1. Kirkwood Rh and Cα-based Rg: tell me the resulting Rg over Rh for the chain, rounded to two decimals.
2. Please report the net charge: other residues with Cβ closer than 15 Å to the Cβ of SER20, K and R +1, D and E -1.
3. Please identify the longest segment of the chain free of exposed chymotrypsin sites (Phe, Trp or Tyr not before Pro), where exposed means a DSSP state other than H, G, I, E or B and no more than 13 other Cβ atoms within 10 Å.
4. With +1 assigned to the C-beta of every Lys and Arg and -1 to the C-beta of every Asp and Glu, and no other charges, what is the dipole magnitude of the chain about the Cα centre in debye, to the nearest 20?
5. What value does region 76-128 have for Rg/Rh, both radii from Cα atoms and Rh as Kirkwood defines it?
6. Would you mind checking LYS10/LYS103; LYS8/LYS86; LYS26/LYS69 for any pair whose Cα atoms are more than 20 angstrom apart?
7. Roughly speaking, what is the centre-to-centre gap between region 94-118 and region 128-153 when only Cα atoms are used, to the nearest Å?
8. Give me D for region 3-61 in µm² s⁻¹, whole number, from Stokes-Einstein with Rh from the Kirkwood sum over alpha-carbon pairs, 25 °C and 0.890 mPa s.
Amino acid sequence: MAEMLQGKNKVLLFRLLNESTNEAAKLVFQTEHTFSYSRALDRIITKDGTIVKVGELESEVSIEAIQSKDDPVREMLESAVKKGEKIELWEVTVDESLKEGDKYPAVYAQGYLDSWESAANAEEQATVSSNFIVELEPQVGMATLTTEQEEAVQYVFQDTVVEEGSVNE
């Protein structure tokens, strides 16, 4: 029987391409993102009927989040759009039923942010939105999340007592 995939289980991680020795990190308080693919199709009318000329694949990711008071990933992304720096992006599906070993299904892409908006409504939380333009074609695979990355997605159960060698130490 088919099961629904929850949107909250798909998270984005980012890293500057020129900092590939660092681990990717999650933008905190992500509220929504849309990974879209499009392709221009030109209709050419001939005497024999219509034929279609297929254009190149174009991909982008729209991103929305509530601003955190102190999020180094938000600061890195804002700086990257200002400086025109290339970014790596992972859309990771953090769903235990889809996990294989220590890896989760993911889409990987490289590209640039073409916009950065910081909205401050008097009655709501301050938000950020951006648009990531994918260069070339996104790649599908499996991504490993560190313990810290998994905890950033959802904190892990902690026992009421501290045992030797536990993560609470």
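1. Values: Rg = 19.7 Å, Rh = 18.3 Å.
With Rg and the Kirkwood Rh in hand, the quotient comes to 1.07.
2. Numbers: positive: ARG15, LYS86; negative: GLU19, GLU23, GLU85, GLU88.
Combined, the nearby Lys, Arg, Asp and Glu give -2.
3. Maximal segment without exposed cleavage sites: 1-154.
4. Working: 15 positive and 34 negative charges, 190 e Å.
Roughly 920 debye for the chain.
5. Result for region 76-128 is an Rg/Rh of 1.15.
6. Pairs exceeding 20 Å: LYS8/LYS86.
7. The distance from the Cα centre of region 94-118 to that of region 128-153 comes to 3 Å.
8. Values: Rh = 15.6 Å.
Diffusion coefficient, whole number: 157 µm²/s.
Laboratory data are not the source of any read-out in this text; all were calculated from the coordinates shown. These numbers come from a predicted model, not from an experiment. Methodologically, a virtual Cβ is constructed for each residue, glycine included, from the backbone with ideal geometry; neighbour enumeration extends over all protein chains shown.
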